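Reading through the structure tokens given below for one structure.
The values are calculated or read from the model by the stated rules, or taken from the named source; none is laboratory data. This structure is a prediction, so every number in the text was calculated from the model and none was measured. Here Cβ is always computed from backbone atoms with ideal geometry, including for glycine, and neighbour counts include all displayed protein chains. All accessible areas refer to the heavy atoms of the entire protein, side chains included, with ligands and DNA or RNA removed. Shrake-Rupley method; radii C 1.70, N 1.55, O 1.52, S 1.80 Å.
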Amino acid sequence: MRKANGIITVMILILFVYHMIGGILQLTGLIKGGNPLFIYPAFVMIALVILHVIFGIKLTIDTMIAAKKTGVSYWKDNGLFWLRRISGFALFLFMGCHVLLFAGIGGGGIYRLRYFNVFALLTQILMVLSLALHVMTNIPPLRISLGLTDRRNFRMDLLIVLGILLFMAGASFFIYFIRWCMV
């Protein structure tokens, strides 16, 4: 199950990077919003995220059962274990906010988004931060589940690429907010 979850995670990361690049271009006004080339892969990514959450819950339950049998306290002794779960849960909630905010209203060739206020900006920045935390803390288990031995290069490459993209995503949310305020 860990291997399958690892493969799903890689698929989510690929779709996420694609979605993030498309979102950055749309939020900054470089391309029009509502493009089906970005919407349909987002639906696939949501389905994979739900599957990832189900696998994560199952693996957490398995770990808790094993902890109970061995007497190991995962509540107190393993903060990283719970940080991974809490960041994933927070990310899932903020992704829900993201979907609600950016599910546009189409019709007549016009694509309109919902009002983007300070609260919306805050939820999106928190989503970016929880995503960064979730990815950062989960690279080692992903590497193990995929059987990657050269951990230093993989981790640094992934962190650099995602760090740059996450910075750009955060900046594009600010640009989009400023564009909303100017209208």
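Residues are listed down the side, and each one gets a yes or a no for (1) open to solvent by less than 30 Å² (accessible area, probe 1.4 Å); (2) of a type outside the set (Phe, Trp, Tyr); (3) within 26 Å of LEU158 (Cβ to Cβ):
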position	(1), (2), (3)
MET20	yes, yes, yes
LEU25	no, yes, yes
LEU51	no, yes, yes
ALA66	no, yes, no
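Taking segment 99-123 as the range and being surrounded by 15 or more Cβ atoms within 10 Å (Cβ to Cβ), in a helix (DSSP H, G or I) and modelled with pLDDT under 90 as the test, the residues that pass are LEU101, PHE102, ALA120, LEU121.
Suppose we filter LEU83, LEU30, LEU25 for residues that are out of contact with any Phe, Trp or Tyr (no Cβ under 7 Å at 6 or more places or on another chain), outside any helix (DSSP H, G or I) and within 23 Å of GLY163 (Cβ to Cβ); which single one remains?
Going through LEU83, LEU30, LEU25 in turn, the sole match is LEU30.
Of all residue pairs spaced 6 or more apart or on separate chains, those with beta-carbon atoms under 7 Å, a first member in segment 2-28 that is in contact (Cβ under 8 Å) with a residue 60 or more places away in the chain and a second member that is of a type in the set (Val, Ile, Thr) are LEU27/ILE175; THR28/ILE175.
Give me the residue from segment 140-183 that is touching a Lys or Arg at 6+ places or on another chain (Cβ under 6 Å) and open to solvent by less than 40 Å² (accessible area, probe 1.4 Å) and, out of that set, modelled with the highest pLDDT. Ranking the candidates gives SER145 first.
Residues in segment 130-139 that are open to solvent by 40 Å² or more (accessible area, probe 1.4 Å) and either among the β-branched types (Val, Ile, Thr) or free of Cβ contacts under 8 Å to residues at least 24 places away in the same chain (or both): MET136 only. Of the residues PHE16, PHE38, the single one that is under 30 Å from CYS181 (Cα atoms) and either in contact with a Phe, Trp or Tyr (Cβ under 9 Å, 6 or more places away or on another chain) or of a type in the set (D, E, K, R) (or both) is PHE38.
Name the residue that is nearest to PHE116 (Cα to Cα), counting only residues in segment 29-55 that are touching a residue at least 24 places away in the same chain (Cβ under 8 Å) and among the β-branched types (Val, Ile, Thr).
As a first pass, look at segment 29-55 and keep what is touching a residue at least 24 places away in the same chain (Cβ under 8 Å): 29, 32-34, 41-42, 44-46, 48-49, 51-53, 55.
Now narrow it down to the ones that are among the β-branched types (Val, Ile, Thr): 44, 46, 49, 53.
Numbers: VAL44: 25, ILE46: 22, VAL49: 25, VAL53: 28 Å.
The residue in question is ILE46.
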